[in-house]
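This report concerns only the one structure given below.
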Number of protein chains: 2
Amino acid sequence: MSDRFVFTLHKTDGGARLGEIATPRGVVRTPAFMTVGTAGTVKAVYTDQLAAAGADIVLANTYHLMLRPGAERISRLGGLHRFMRWERPIITDSGGFQVMSLAKLRKITDAGVAFQSHIDGSSHLLTPERAIGIQCLLGSDIQMQLDECIALPATPQETRAAVDRSLAWAVRCRDEFARQAADGRAGPGQALFGIVQGGIDSELRARSADGLVAMDLPGYAVGGLAVGETQEAMLATLELTTRRLPADKPRYLMGVGTPDDLIASVARGVDMFDCVMPTRAGRHGLAFTWTGKVNLKNARHADDPAPLDPASTCPAARDYSRAYLHHLVKSQEYLGAMLLSWANVAFYQQLMAAMRAAIAEGRFATWAAETRARLEETSAA
Amino acid sequence: MSDRFVFTLHKTDGGARLGEIATPRGVVRTPAFMTVGTAGTVKAVYTDQLAAAGADIVLANTYHLMLRPGAERISRLGGLHRFMRWERPIITDSGGFQVMSLAKLRKITDAGVAFQSHIDGSSHLLTPERAIGIQCLLGSDIQMQLDECIALPATPQETRAAVDRSLAWAVRCRDEFARQAADGRAGPGQALFGIVQGGIDSELRARSADGLVAMDLPGYAVGGLAVGETQEAMLATLELTTRRLPADKPRYLMGVGTPDDLIASVARGVDMFDCVMPTRAGRHGLAFTWTGKVNLKNARHADDPAPLDPASTCPAARDYSRAYLHHLVKSQEYLGAMLLSWANVAFYQQLMAAMRAAIAEGRFATWAAETRARLEETSAA
């Protein structure tokens with residue numbers, strides 16, 4: 001705990017970093033995986049289950065919450081923590097990414113993004129100032145700057161223009177965050193992160209990173225990756241980006257990813273991740289385990305009395321047979337999605353805990369090689 | 001606990017009865033509400049939540065389980081209790097009712113019911129012997145005879161023929177249950193109930209009840225009610241039926257009902273109920289509370305910080321605001337169905353506990369009148 005937002009780097013092991021972010025809401029142990037709770041709920045999972053699984057922080061989506069139930073309403077109800085019954089840290093995105101992927105009639109100008117709600121067609125304008133205003137209304141502990149997420153493929157000119165606009169918006173977000181803090185609507189325990197853009201262009205990534213680092217923000221995210229490029233291209237861009245970021249600030253790789261992606265990215269100095277993968281996979285009958293990915297739809301599980309993982313501390317992975325999970329998935333029962341989402345959320349936390357232990361003991365590279373091989377081998381089987 | 005199936009009547013208060021059914025799997029306190037877990041899961045509810053809510057027993061549907069995942073498979077996996085992770089008593093229906101409402105190409109003869117699965121079109125024959133065989137494979141603690149559930153409206157001749165066929169099937173079920181017991185596939189802790197049919201015809205109800213009572217079965221159900229008739233007609237038929245049933249055997253009113261139905265039926269000597277209402281309502285945004293039914297879809301809840309019931313011992317009813325529940329329901333989030341199903345299952349158990357307490361203290365009639373007025377008044381508001 002801390003009355004301020006404080007990142008402490010405890011140890012490095014190769015490129016991998018062990019640390020923690022202290023906030024008034026609690027400590028986030030890094031490397032951290034931040035489970036996605038889009039509309040103020042991690043789909044099919046209770047917050048008590050999340051906490052018991054070892055999650056220190058969840059991510060909520062500004063775009064969804066601003067449209068329904070509305071940021072002002074959540075503020076009147078006491079903020080997002082109370083609303084969703086999660087008292088530990090919450091990170092929110094700026095809404096920009098999801099405006100580009102979900103909203104209708106988007107129009108981007110230097111002022112911001114005008115769009116129509118995908119829910120009811122209502123018109124909205126998301127500016128850098130409004131993005132911060134919403135996140136302050138929600139009471140978000142880690143807030144993200146509004147950035148421009150360009151459609152792919154993009155020309156170098158388009159990518160560069162988006163980088164420059166995102167830098168200009170970062171300044172406006174920082175200034176708005178300072179105003180909110182001066183007005184008592186944001187505290188020293190809350191932080192604003194910048195987002196490095198630039199596609200897979202090394203020069204633009206450097207330009208974006210350097211511009212943000214010059215602003216001395218409390219943390220930096222890497223955006224615009226895992227959008228269809230190869231893992232190799234993603235890791236190469238990630239590596240040259242993190243190299244330009246200061247060691248004493250947390251680094252957050254947005255929207256990533258598979259267990260393999262997480263391990264490879266931690267090796268390149270990433271401290272924080274978010275991804276819908278564990279919960280979305282759970283709703284589609286897929287389980288992540290230490291012996292690889294398991295497709296519970298497959299008929300080979302129909303008679304299998306074994307649980308997903310008898311050694312797991314998560315009841316969903318430990319106490320129910322694969323035969324039962326198969327039955328639930330085939331029958332499209334709620335409990336199938338509930339158990340598999342829970343098991344996956346817990347597995348991702350176990351994976352992060354194992355990484356932190358390996359870094360603490362200075363054996364991350366060995367652990368990573370063994371684990372990546374094991375996960376790949378058995379998933380292919 | 002008991003190594004046999006034993007019903008004990010502790011006390012009567014007017015027509016209302018306080019008792020318990022002891023089985024090797026645990027005690028069922030009566031009057032009891034048996035939550036429906038159709039396909040081996042109470043939809044959107046964990047078995048731990050059920051147990052904590054005070055549920056002593058759940059109901060599973062033979063029709064669904066015989067088709068998927070199959071009774072033999074569940075038996076190989078150690079029985080239904082282990083399969084669904086519920087170690088307390090389980091009651092199963094015979095499958096007959098759901099064959100008539102769900103299956104395709106049904107054909108009833110004296111032999112049994114031939115039908116095609118609504119899932120994959122496969123052909124099946126459900127005989128009285130097979131209905132018991134399946135229930136023994138599942139390991140059901142309370143098994144139901146196969147009966148003929150006629151389509152309504154029916155002529156007196158059709159109703160009478162169904163009564164007589166159901167009586168003949170009851171004999172075959174009893175004989176099959178005895179064979180299964182002799183073969184060690186059913187134990188003295190398990191019981192077979194007969195089902196009184198006869199529509200709302202008092203003479204046929206009497207004929208059916210008398211025929212079953214002559215068989216000296218361990219319990220008797222009243223079937224074929226709550227199928228569209230008025231509550232008044234249901235209660236009149238119920239009253240004349242329970243009057244013919246022996247006082248020392250449990251009485252089970254199948255498929256009922258609303259809180260008001262339960263209270264009125266307990267007043268007429270019913271000991272056991274099952275109904276999909278609490279879980280189905282929960283999935284549709286409706287909550288049952290001591291101050292009436294609450295439709296969480298309604299916009300008037302959007303800004304309401306109050307929980308469903310601050311005095312409830314159920315976290316779903318106590319710890320989440322109506323505003324949050326409204327948001328979850330409007331957003332069609334899993335957690336909305338999860339919380340409301342949980343709250344409703346718990347409310348139904350609280351309702352039964354309150355009835356048992358009122359009977360124990362000899363004030364059931366007063367309690368019932370007050371409670372029925374309160375529930376109706378506020379629901380209408």
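Annotations for the structure displayed:
- Accessible area of residue B:254 in the full protein assembly, 1.4 Å probe (Å², nearest 10): 40
- Couplings 3J(HN,Hα) of segment B:327-334, computed from phi: 4, 5, 5, 4, 8, 6, 7, 3 Hz, in residue order, whole Hz [Karplus 6.51 cos²θ - 1.76 cosθ + 1.60, θ = phi - 60°; x for Gly and Pro].
- Segment B:72-158: GluC sites (Glu not before Pro) in DSSP coil with no more than 14 other Cβ atoms inside 10 Å: B:87
- Residue order for B:10, A:118 - accessible surface, 1.4 angstrom probe, largest first: B:10, A:118
- FRET efficiency, 1/(1 + (r/R0)^6) with R0 22 Å, evaluated for residue B:68 and residue B:332 via beta carbons: 0.30
- For a straight C-alpha distance cut-off of 16 angstrom, the lysines reachable from residue B:297 (same-chain residues fewer than eight places away being disregarded) are B:330.
- B:370, B:333, ranked by accessible area, largest first (probe 1.4 Å): B:370, B:333
- Within straight-line cross-link reach of residue B:104, lysines at Cα separation under 18 Å, skipping those fewer than 8 residues along the same chain: none
- Largest-first ellipsoid semi-axes for segment A:1-60, taking √(5λ) over the Cα gyration tensor eigenvalues, angstrom: 24, 14, 9
- Here the accessible area is traced with a 1.4 Å probe on the protein chains. For segment A:220-344, carbon and sulfur cover 51 percent of it.
- Mean separation of Cα contacts under 8 Å (6+ apart) over length of chain B, as relative contact order %: 17
- Segment A:5-48-segment A:321-343 distance, computed between alpha-carbon centres (Å): 28
- Members of segment B:74-117 that become less accessible by 40 Å² or more once partner protein chains are added (1.4 angstrom probe, chain alone as reference): B:77, B:83, B:85
- Heavy-atom accessible surface of the protein assembly as shown, averaged per residue, reaches 38 Å², computed with a 1.4 Å probe.
- For segment B:106-252, fraction of C-alpha pairs farther apart than 22 Å, in %: 41
- Cα-based values for the protein assembly as shown, radius of gyration first and Dmax second, are 30.1, 91 Å.
- Antiparallel %, DSSP beta bridges [both residues in the protein assembly as shown], to 5: 50
- Helical runs assigned H by DSSP (4 residues or longer) give chain A a calculated mean residue ellipticity at 222 nm of -13000 deg cm²/dmol, each run adding -39500 (n - 2.57) before division by the residue total.
- For the segment B:168-177, counting C-beta atoms of other chains within 10 Å of every residue's C-beta and taking the mean gives 0.
- In Hz, Karplus ³J(HN,Hα) per residue of segment B:250-262 (6.51, -1.76, 1.60; θ = phi - 60°; x = Gly, Pro): x, 10, 10, 9, 7, x, 10, x, 6, x, 4, 4, 5
- Fraction of C-alpha pairs exceeding 20 angstrom in segment A:239-346: 45 percent, rounded to a whole number.
- Estimated at the nearest 10 Å², the accessible area of residue A:159 is 20 Å² with a 1.4 Å probe.
- Residues of segment B:329-354 buried by at least 20 Å² of accessible area upon assembly of all protein chains, compared with the chain on its own (1.4 Å probe): B:330, B:331, B:333, B:334, B:335, B:338.
- Each chain gives up part of its surface: A and B jointly bury about 3300 Å² of accessible area, both sides summed, for a 1.4 Å probe.
- Note on residue B:122: accessible area approximately 40 square angstrom, rounded to 10, probe 1.4 Å, nucleic acids and ligands left out.
- Overall, the accessible surface of segment B:63-149 at a probe of 1.4 angstrom is composed of carbon and sulfur to the extent of 50 percent.
- GNM result for chain A, Cα springs below 10 Å: residue of A:282, A:15, A:269 fluctuating most strongly: A:15
- Remark: segment B:278-290, residue by residue, has Karplus-estimated 3J(HN,Hα) of x, 7, 5, 4, x, 6, 10, x, 10, 10, 9, 9, 5 Hz, where x stands for each Gly or Pro and the curve is 6.51 cos²θ - 1.76 cosθ + 1.60 at θ = phi - 60°.
- Most mobile listed residue (A:266, A:42, A:227) in chain A, GNM with C-alpha springs under 10 Å: A:227
The values are calculated or read from the model by the stated rules, or taken from the named source; none is laboratory data. Everything numeric in this text was worked out from a predicted model, so none of it was measured. Using ideal geometry, Cβ is built from the backbone for each residue, glycine included, and neighbour counts are taken over all protein chains shown. Just the protein is used for accessible areas: all its heavy atoms, side chains included, with ligands, DNA and RNA removed. Shrake-Rupley method; radii C 1.70, N 1.55, O 1.52, S 1.80 Å.
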